[in-house]
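Peer 1: What follows is a structure written as structure tokens; I'll ask about it next.
Read-outs: derived from the displayed coordinates by stated rules, not from any lab. Because the structure is predicted, anything quoted here is derived from the model rather than measured. Note that each Cβ is placed from the backbone with ideal geometry, even for glycine, and that neighbours are counted across all protein chains shown.
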Amino acid sequence: MSQRLRKVVFPVAGLGTRFLPATKVVAKEMLPVLDKPLIQYAVDEAVDAGADTLIFVTNRYKHAIADYFDKAYELEAKLAQSGKNDLLALVQNTVPKHVRCVFVTQAEALGLGHAVLCAKPVIGDEPFGVVLPDDLIWNGSGAGALRQMSALLHANVVGAVAVEEVPRDQTNKYGIVDTGGDGGRAARMKHVVEKPKPEVAPSNLAIVGRYVLPPRIFELLETTKPGAGGEIQLTDAIQALLGERNVLAYRFDGTRYDCGSKLGLVKATLAMALEDPALAGPTREFMASHS
Ligand code: G1P
């Protein structure tokens, strides 16, 4: 079995109700942070990790993501004619030439575990990544979170999830990991539970949207019963995997922005503006004048 992380799954079939009314017509993954949609940050991170096959698990209503990664003939011709080569390069390079995009439909919204299972025929028998585009993880010019995680795979480690500590009162929004008190950077997961109430949560160490998983997870997902929220949960299949093999909870280098929330999207936008030489100064002035 190959240990290289060539394939990455993006579950993008969600409705994005927290961003209604915009998400009536705009897929939530297309919401921009400055000039790039969330899905572009997610794809850039996967390509940085070495992926050459990107699998988007979508639904029949969401065409925008496929359109975004497709060739835009008219636009490209116009930009070429008017000599706007910088813009042309931006439009043409949403994914590098050697990378292919595969679209898989999730016919029913049965949960994250079910969405990942929909990618099974494309993954085959090799380890793969899962990136939830809502969680924008930014590590500047350093290695992206998924690249950091793919480096953890070896004979005794079949997978990893990205984790960070969250306030106790928010454990019911996340998969929560028990490492048996191991506070190390890459700690062996002992137990994981989806969205526990604060009073029963085993810790406040939350999974954020990055996973490196072995193909065995598909067999486990096939027998995973609906769990929290009545959905087929990826977390429950990972819990089953923990009984067989080592999976690590990894505290990544970088900052995670929860762009599934309005505040997270605002923070990500400000952070990116502060990294942009042309925008940093005016953004700081604006923020100072409002503090
Ligand atoms: C999903 C996972 C959860 C994880 C979270 C990270 O939940 O089920 O375990 O902690 O993503 O963002 P969702 O946010 O889709 O409800």
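Peer 1: Starting with the fewest neighbours, write out Cys259, Cys101 ranked by other beta-carbon atoms found within 10 Å of each beta-carbon. Can you show the working numbers first?
Peer 2: Values: Cys259 27, Cys101 17.
Ranking Cys259, Cys101 by Cβ neighbours within 10 Å, fewest first, gives Cys101, Cys259.
Peer 1: Based on other C-beta atoms within 10 Å, arrange Asp35, Asp134 from fewest to most.
Peer 2: On the way: Asp35 9, Asp134 24.
Neighbour counts put them in this order, fewest first: Asp35, Asp134.
Peer 1: I'd like the Kirkwood hydrodynamic radius of the range 181-284, using the inverse of the mean 1/r over distinct C-alpha pairs, in Å.
Peer 2: Answer for the range 181-284: a Kirkwood hydrodynamic radius of 16.4 Å.
Peer 1: Given the Cα atoms of the range 103-239, and with Rh set as the inverse mean 1/r over their pairs in the Kirkwood sense, what is Rg to Rh to two decimals? Intermediate results must be reported in sequence, preceding the final value.
Peer 2: On the way: Rg = 14.8 Å, Rh = 15.6 Å.
With Rh from the inverse mean 1/r over Cα pairs, Rg/Rh is 0.94.
Peer 1: Ratio of alpha-carbon Rg to the 2.2 N^0.38 Å globular estimate for the range 8-56, to two decimals, please. Could you put the intermediate results ahead of the total?
Peer 2: Details: Rg = 11.9 Å, N = 49, 2.2 N^0.38 = 9.7 Å.
Scaled against compact globular proteins, the figure is 1.23.
Peer 1: Among Ala13, Ala268, Ala77, whose mean-square fluctuation peaks in a Gaussian network model of the chain (Cα, cutoff 10 Å)?
Peer 2: Looking only at Ala13, Ala268, Ala77, the largest GNM fluctuation is found for Ala77.
Peer 1: Can you give me the convex hull volume of the Cα atoms of the range 133-211, divided per residue and expressed in Å³?
Peer 2: Numbers: hull volume 8.1 nm³, N = 79.
It comes to 102 Å³ per residue, whole-number rounded.
Peer 1: How are the C-alpha pair distances of the range 233-281 spread across 10 Å bins, as whole percents from the shortest bin up?
Peer 2: So the P(r) values, bin by bin, are 21, 26, 27, 18, 8, 0.
Peer 1: Something else: For the range 105-171, take N as its residue count and report Rg(C-alpha) divided by 2.2 N^0.38 Å. Working shown, then result.
Peer 2: Values: Rg = 14.7 Å, N = 67, 2.2 N^0.38 = 10.9 Å.
Its radius of gyration relative to the 2.2 N^0.38 Å reference: 1.35.
Peer 1: Please work out whether the range 220-259 counts as rounded, prolate or oblate from its C-alpha gyration tensor, where a ≥ b ≥ c are the square roots of the eigenvalues and a/c under 1.5 means rounded, while otherwise a/b larger than b/c means prolate and anything else oblate? Please report the intermediate quantities before stating the final value.
Peer 2: Working: a/c = 4.07, a/b = 1.39, b/c = 2.92.
Judged from the Cα gyration tensor, the range 220-259 comes out oblate (a/c at least 1.5, b/c at or above a/b).
Peer 1: Using R₀ = 22 Å, calculate the FRET efficiency as 1/(1 + (r/R₀)^6) where r is the Cβ-Cβ separation of Lys190 and Thr223; round to 0.05. Walk me through the numbers on the way to the answer.
Peer 2: Values: r = 22 Å, r/R0 = 0.98.
Once rounded, the FRET efficiency stands at 0.55.
Peer 1: Find the centroid of the Cα atoms in the range 14-62 and in the range 113-159, then give the distance between the two in whole Å.
Peer 2: Cα centroid to Cα centroid, the span is 16 Å.
Peer 1: Cα atoms only, the chain: Rg and Dmax in Å?
Peer 2: Gyration radius and largest Cα-Cα distance of the chain: 19.3, 63 Å.
Peer 1: Per residue of the chain, what 222 nm ellipticity follows from adding -39500 (n - 2.57) for every DSSP H run with n ≥ 4, rounded to the nearest 500? Let's see the in-between values first.
Peer 2: Numbers: 11 runs with 93 residues, N = 291.
Taking each H run of at least 4 residues, the total per residue is -9000 deg cm²/dmol.
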